[in-house]
Amino acid sequence: MQREELERQAATRRQFLDGFAHHILVCAGLGCLHNEEIIAALREIIAAQGLEQQILVRKVGCMGLCALGPVVLVLPEETSYQTVTPGDAAEIIAALGKQPIQRLLLPATLPFFTRQHKNVLALSGRIDPESIDDYLAAGGYTAVFKAITEMRPTDIIREIQESGLRGRGGAGYPTGLKWSTVAKATGKKKYLVCNADEGDPGAFMDRSILESTPHAVLEGMIIAAYAVGADCGYIYVRAEYPLAVKRLKLAIREAERKNLLGHAICGGAFNLNLQIRLGAGAFVCGEETALLESIEGRRGLPRPRPPYPAEKGLWGSPTLINNVETFANIPPIINRGAAWFAGLGTEKSKGTKVFALTGKISHTGLIEVPMGTTLREIVFEIGGGIPGGHAFKAIQTGGPSGGCIPAEHLDTPVSYESLGALGSIMGSGGMIVIDETSSMVEIVKYFMQFCRDESCGKCIPCRVGTAQIFDLLTKFCGYRATRADLASLEMLCDLVKNTSLCGLGQSAPNPVLSTLRYFRREYLDRIVDPIPPSPEDKS
Ligand SMILES: Cc1cc2nc3c(=O)[nH]c(=O)nc-3n(C[C@H](O)[C@H](O)[C@H](O)COP(=O)(O)O)c2cc1C
Ligand code: SF4
């Protein structure tokens, strides 16, 4: 199908949608239960009142505020309702064009809405994730049209390089540089991989993007494949994400039907075949080389690097691996230009970042903010602070590989560099808020148990070290540790960090190290032969 035909179809869909006086959008994300019943109740009342030509009820992706779901958005009024039940349907319809229902109303001035800057999530909660026509009508695939019909692969790579986009999967590697390495690599066959394994406890950014706007990820992948010269790609997604898998499969099928995937895309000479590979839920399979092993049909064990996948990846061929959110950032960069993206964020961390807010926070959910937003703004303004009147104690960023940042650093602007300087990492964007009622040692023990269980066992420092660190933490939690245990804990963390083969082992000690730095007193209070407090102890 040619570009002109797809643009005509998009215009037809827009015209259809514009024909309704009101749209009622119901979140159909995994967190908003009973959405099917709400949709059915709304449609039943609309049919009974003969309002089918005036009111359109649509299921959409996640609107972000999962704590107050199911959320319903009424357009064009932009009225948001919280914790909606099927029993509210009649009242919602009766209130259209009149005063909103006060008991359900989510104020438009809520910082959760006003303080965000949506780029990747711009269409999340606005379109039906299961309709390619909705995506096209909202301007979807225009970046593919532009890239394939107006730009050379080198122009695209330059644009991505100039944007300053860095990989959102955790390491923050410059995306344009990775693309240019794959493009320059020699080899007849090149592959493309989307890493949708997302195994960090508390993280659901990638799941939500895939469930809400699967076509945005496909669009980023198509542009990437064209830029680096790949004609075959895989989306590696964990089987525990059934809704994401279902919507991805549908999206691929619809894109193929419209000739946005497959042979001679948009009538040109570029071909791309995309397939889904299901992961079985091992955290280590998110590590890029383990992921490649898994796609090739072997057990997911990391390979030593170099060679890096960009040079020698799937079946020995150059392979571009990027994260879901990285790919979802590509269409807006191509549409709006590198300068626009580079104008957002900090000097070295450009653009916006999606974070999953969980733990002891009022507004559990998904947010997107410019890099450089402070932790305080995220927790206390957008996140609504700590429920139950408790005091903030720490925020854990970066998942099991990350660190715990205390209250004294709440004014830190979030960036790859600033979080690294505090002994934590940005990771893929999980943020777990911890309040004064939680013990840091207990929390760290939980993360270490996770790493111990998820260690693939290939290298000794990680396989044995994470188990030994876990045992020591168990002694601290049981108030049975000694000063010698504290010394062993520090020595082991250092050893595992510096000698493990892959990122799992190399970063597993981070939660311990950051809490030893900021919450050392909690460890000291749990040893049987205590050391008297010193002025350096922070807590
Ligand atoms: C133990 C471990 C788990 C990882 N899990 C993921 C994951 O689930 N998703 C992801 O995108 N990257 C994950 N990564 C990072 C990948 O190895 C890789 O850096 C990333 O997919 C590259 O994409 P990006 O440049 O777009 O960030 C993980 C790394 C490690 C060490
Ligand atoms: S560091 Fe851990 S997860 Fe990585 S290869 Fe070694 S044992 Fe496996």
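The values are calculated or read from the model by the stated rules, or taken from the named source; none is laboratory data. Please read all numbers here as calculations on a predicted model, not as lab measurements. So basically every Cβ, Gly included, is an ideal-geometry build from the backbone, and we count neighbours across all protein chains shown. All accessible areas refer to the heavy atoms of the entire protein, side chains included, with ligands and DNA or RNA removed. Shrake-Rupley method; radii C 1.70, N 1.55, O 1.52, S 1.80 Å.
Cα gyration tensor of the stretch 388-539, axes a ≥ b ≥ c as square roots of the eigenvalues: rounded (a/c below 1.5), prolate (a/b > b/c) or oblate?
In terms of gyration-tensor shape, oblate.
Along Cα→Cβ, 7 Å out, is where each label goes; now give me the distance between the ones at Tyr479 and Arg336 in nm to one decimal.
Between Tyr479 and Arg336, the label points sit 5.4 nm apart.
So, in Å, what gap is there between the alpha-carbon centers of the stretch 101-152 and the stretch 311-380?
15 Å
Any idea how far the Cα center of the stretch 28-91 sits from the one of the stretch 232-271, in Å?
What the calculation gives is 29 Å, centre to centre.
Can you order the peptides 333-344, 479-490 by their average number of other Cβ atoms within 10 Å per residue, highest first?
For the peptides 333-344, 479-490, the packing ranking is 333-344, 479-490.
By how many nm would the segment from Lys246 to Asn259 lengthen if fully extended, with 0.36 nm per residue of separation less the alpha-carbon distance?
2.7 nm is the gain from fully extending Lys246 to Asn259.
Can you give the FRET efficiency for Lys146 and Ala171, using 1/(1 + (r/R0)^6), R0 = 35 Å, r = Cβ-Cβ distance, to the nearest 0.05?
In this case the efficiency is close to 0.75.
Any idea what the dipole of the stretch 18-108 comes to, in debye rounded to 20, about its Cα centre with Lys/Arg Cβ at +1 and Asp/Glu Cβ at -1?
100 debye
How many nm is it between the label spots at His390 and Gln2, if each spot is 7 Å from the Cα in line with the beta carbon?
My value for the distance between the label points is 6.3 nm.
Relative contact order, percent, of the stretch 18-108 when contacts are C-alpha pairs under 8 Å separated by at least 6 residues?
It rounds to 34 percent for the stretch 18-108.
Give the relative contact order (percent, whole number) for the stretch 81-208; include only Cα pairs under 8 Å separated by 6+ residues.
10 percent
Can you compute the label reach from Ala269? Point 7 Å from Cα along the Cβ direction, backbone N cut-off under 14 Å, restricted to the stretch 222-256.
Backbone N within reach: 229.
Would you mind classifying the stretch 353-408 by shape? Square roots of the alpha carbon gyration tensor eigenvalues, ordered a ≥ b ≥ c; an a/c under 1.5 is rounded, otherwise it is prolate if a/b is larger than b/c and oblate if not.
Values: a/c = 1.45, a/b = 1.14, b/c = 1.27.
Rounded shape, in that the Cα axes give a/c under 1.5.
Take peptides 325-332, 77-84, 267-274 and line them up by average Cβ neighbours within 10 Å, highest first, as a rough protection proxy.
Descending mean neighbour count gives 325-332, 77-84, 267-274.
Give me the distance in nm between label points sitting 7 Å out from Cα along the Cα-to-Cβ direction at Thr186 and Glu162, one decimal.
3.1 nm
If you wrap a convex hull around the alpha carbons of the chain, what volume per residue comes out, as a whole number of Å³? Spell out each step's value before the answer.
Values: hull volume 76.6 nm³, N = 539.
Each residue corresponds to 142 Å³ of Cα convex hull volume.
Ignoring ligands, DNA and RNA, what accessible area per residue does the chain give at 1.4 Å, in Å²? Before the final figure, lay out the partial values.
On the way: 20650 Å² over 539 residues.
Heavy-atom SASA per residue in the chain reads 38 Å².
For the chain, which whole percent of the accessible surface, found with a 1.4 angstrom probe, sits on carbon and sulfur atoms?
Reported share for carbon and sulfur atoms: 54 percent.
Please work out how much length the chain gains when fully extended from Thr154 to Ser439, using 0.36 nm per residue of separation minus the C-alpha to C-alpha distance, in nm with one decimal.
97.4 nm
Return the FRET efficiency for the residue pair Asp231, Glu91: r is the Cβ-Cβ distance, R0 is 41 Å, and the value is rounded to the nearest 0.05. Kindly include the intermediate steps, with their values, before the conclusion.
On the way: r = 53 Å, r/R0 = 1.30.
The pair Asp231/Glu91 has a calculated efficiency of 0.15.
Applying the Karplus parametrisation 6.51 cos²θ - 1.76 cosθ + 1.60 with θ = phi - 60° to the phi angles of the stretch 85-90, what ³J(HN,Hα) value in whole Hz is obtained for each residue in order, glycine and proline being reported as x?
10, x, x, 8, 4, 4
Under 5 Å between amide H atoms, partner at least 5 residues away or on a different chain: which partners does Gly359 have, H built in plane at 1.01 Å?
Amide H to amide H, under 5 Å and 5 or more residues apart or across chains, Gly359 pairs with Val433.
List the relative contact order of the chain as a percent without decimals, with contacts defined as Cα pairs under 8 Å and 6+ residues apart.
14 percent
Full-extension gain between Ala108 and Leu278, please, as 0.36 nm times their residue separation minus the C-alpha to C-alpha distance. Provide the component values of the computation, followed by the final result.
On the way: separation 170, 0.36 × 170 = 61.20 nm, distance 3.94 nm.
Length gained between Ala108 and Leu278: 57.3 nm.
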